[in-house]
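Peer 1: Sharing a structure with you now.
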Amino acid sequence: MNQVKFERIILFFVFFHIALGVFLSHYNLNYFESIYVREDGFIEWLTVDVLLFGSILCFVRAFRTRFRKGTAFFMVLVACGVVLLFGAGEEISWGQRILDIKSSEFFLLKNSQGETNLHNLVINGIKVNKLIFGTILGILIGLYFIVLPILYKFVNGIKKLTDKFAIPVPRVLHILAYILLAIMATFTASGKKGELLEFGGCWIFFLMFLFPVNKNIFEK
């Protein structure tokens, strides 16, 4: 299967489930919240799956290129693999609900869901999930998808640094897909629209990691 066909299939898969989620939020809110986007539900497991795919991709690229492209290149790939693996673990609270493991006193007091994960911690009344994975991450994603591709194309120094540190650059297709995702998510009639954004965003990021503008830097 060639790249174009693969990306089309994945994007159809993603936006079909986003559209279905938006539809359910309006016409069957109970099903949407209690089944479709619930913890350890259908959408969450699809998010976990793609985070694992992305992690494996980074580790494989690190193994294939090893240190031939420089220490920084190798270390960034390994770090990305670890971060994505960590993200997958956080999504399912490290299997706590699956294995019926009780949270420690710290997480019962400091976690908004009483679970063993970091992204739902509440520190001094501030939700880590909303601050870091909401506001800050939103700004970084905006810079990454809009500013970086322009600088990469027109500023040679930025291009060299980006390639040296194994940073995948999004193509126009990925940018448009993310914009469409953000627009569609706003029509969700539920406070759980963030679950749809996570799902769609992770799959778009996976495509961007797989087929970036600078795909050639990951070749052996």
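Peer 1: L207: at pLDDT 95 or above and either crowded, with 17+ Cβ neighbours inside 10 Å or not in a helix (DSSP H, G or I) (or both), yes or no?
Peer 2: Yes: the conditions hold for L207.
Peer 1: Got at least one residue in region 18-34 being open to solvent by less than 20 Å² (accessible area, probe 1.4 Å) and under 26 Å from L77 (Cα atoms)?
Peer 2: No, that holds for no residue.
Peer 1: Sort out which residues of region 153-180 are part of a helix (DSSP H, G or I), open to solvent by 40 Å² or more (accessible area, probe 1.4 Å) and hydrophobic (A, V, I, L, M, F, W, C), and write them in order of number.
Peer 2: Matches in region 153-180: F154, I158, L161, V172, L173, L176, I179, L180.
Peer 1: Let me confirm something: among I139, I183, I217, I146, which residue is surrounded by fewer than 17 Cβ atoms within 10 Å (Cβ to Cβ), part of a helix (DSSP H, G or I) and in contact (Cβ under 8 Å) with a residue 24 or more places away in the chain?
Peer 2: None of the other options fit; the residue is I146.
Peer 1: Any idea which residue in region 35-45 is nearest to G191 (Cα to Cα), counting only those that are assigned to a helix (DSSP H, G or I) and open to solvent by 80 Å² or more (accessible area, probe 1.4 Å)?
Peer 2: Across region 35-45, the extreme among qualifying residues is F42.
Peer 1: For the subset of region 186-197 comprising residues that are among the hydroxyl-bearing types (S, T, Y) and open to solvent by less than 70 Å² (accessible area, probe 1.4 Å), which member is nearest to A19 (Cα to Cα)?
Peer 2: Here the residue is T188.
Peer 1: Among the listed residues F74, F53, F86, which satisfies the condition of being out of contact with any strand residue (DSSP E or B) (no Cβ under 6 Å at 6 or more places or on another chain) and closer than 20 Å to F211 by Cβ?
Peer 2: F53
The values are calculated or read from the model by the stated rules, or taken from the named source; none is laboratory data. All values reported here derive from a predicted model rather than from experimental measurement. Using ideal geometry, Cβ is built from the backbone for each residue, glycine included, and neighbour counts are taken over all protein chains shown. Keep in mind that these areas ignore ligands, DNA and RNA; they rest on the heavy atoms of the full protein, side chains included. Shrake-Rupley method; radii C 1.70, N 1.55, O 1.52, S 1.80 Å.
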